[in-house]
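Worksheet: one structure, shown below.
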Amino acid sequence: MLGWLCLTLGVALGSALIPVINVELFVLGLMSGVPGAPWYLVAAAVAVGQMAGKLLYYLAARGSIKLPPALLDRLHRERPPTPRRERWRLRTKWLRGKVEAIRERCHRHPKWMAGTYGVSSVFGLPPFMATTVLAGLVNMRMTTFLSVGLAGRFVRYCVLAACPAVFAHWLHL
């Protein structure tokens, strides 16, 4: 069982860093394929792995981790204006304004940010990746970031990991 938990931790870490990896499907498959797996340990492994990966995004957004020069150069290089880029800039102007307004509100109301981040950690709406980065941008305390995120992720994956066991129990009655 220790091997499965280590693998689960690794998949969760990978899914936190590379969003196309779906840890939810992995958990459902694991719990369906390994019937004796303790759901709470699987949920704990996923929560710890997810938060370890998201911590890197949080620290990068906060400025504690410096991005590699090649990535910074690519993000901040000046590009010659083209009609296509100008259209894109005009189309996304509204969205950039909304993001800046949310960021400002989070600076003024830290508890609002903690609540939004907590809801996101459980339900995934707003996207957990976005709230992770936003938490770093507004300088949320690291203890708040880790405790709220870990608790929310644990609840999310407890429910998910327990679901196959619940359905199997209902079918055997």
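The values are calculated or read from the model by the stated rules, or taken from the named source; none is laboratory data. Predicted model only: the values in this text are computed from it and were never measured. Note that we place each Cβ from the backbone using ideal geometry, even for glycine, and neighbour counts take in every protein chain shown.
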Quiz prompt | Those helices (runs of 4 or more DSSP H) lying entirely in region 74-148 with at least 1 residues farther than 15 Å from Tyr58 by Cα and over 23 Å from the mean Cα position of the chain (by Cα) | solution = 83-108
Quiz item: How do the pairs read when you match residues in region 109-132 that are closer than 15 Å to Leu150 by Cβ and in contact (Cβ under 8 Å) with a residue 24 or more places away in the chain with residues anywhere that are assigned to a helix (DSSP H, G or I) and polar (S, T, N, Q), using Cβ under 8 Å and keeping only pairs 6 or more apart or on different chains?
Solution: Ala114/Thr144; Tyr117/Thr131; Tyr117/Thr132; Ser120/Thr131; Ser121/Thr131; Phe128/Ser120; Phe128/Ser121
Quiz item: Out of region 24-52, which residues are in a helix (DSSP H, G or I), out of contact with any Leu (no Cβ under 9 Å at 6 or more places or on another chain), more than 13 Å from Leu5 (Cα to Cα) and in contact (Cβ under 8 Å) with a residue 24 or more places away in the chain?
Solution: Ser32
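Yes or no: region 103-113 includes at least one residue that is modelled with pLDDT of 85 or more and not charged (D, E, K, R).
Yes; the residues of region 103-113 include at least one that is modelled with pLDDT of 85 or more and not charged (D, E, K, R).
Out of region 103-119, which residues are in contact with a helix residue (DSSP H, G or I) (Cβ under 7 Å, 6 or more places away or on another chain) and of a type in the set (A, V, I, L, M, F, W, C)? Explain how you work it out, then say what you get.
Let us first name the residues in region 103-119 that are in contact with a helix residue (DSSP H, G or I) (Cβ under 7 Å, 6 or more places away or on another chain), namely 103, 105-106, 112-114, 116-118.
Listed by number, the residues that qualify are Cys106, Trp112, Met113, Ala114.
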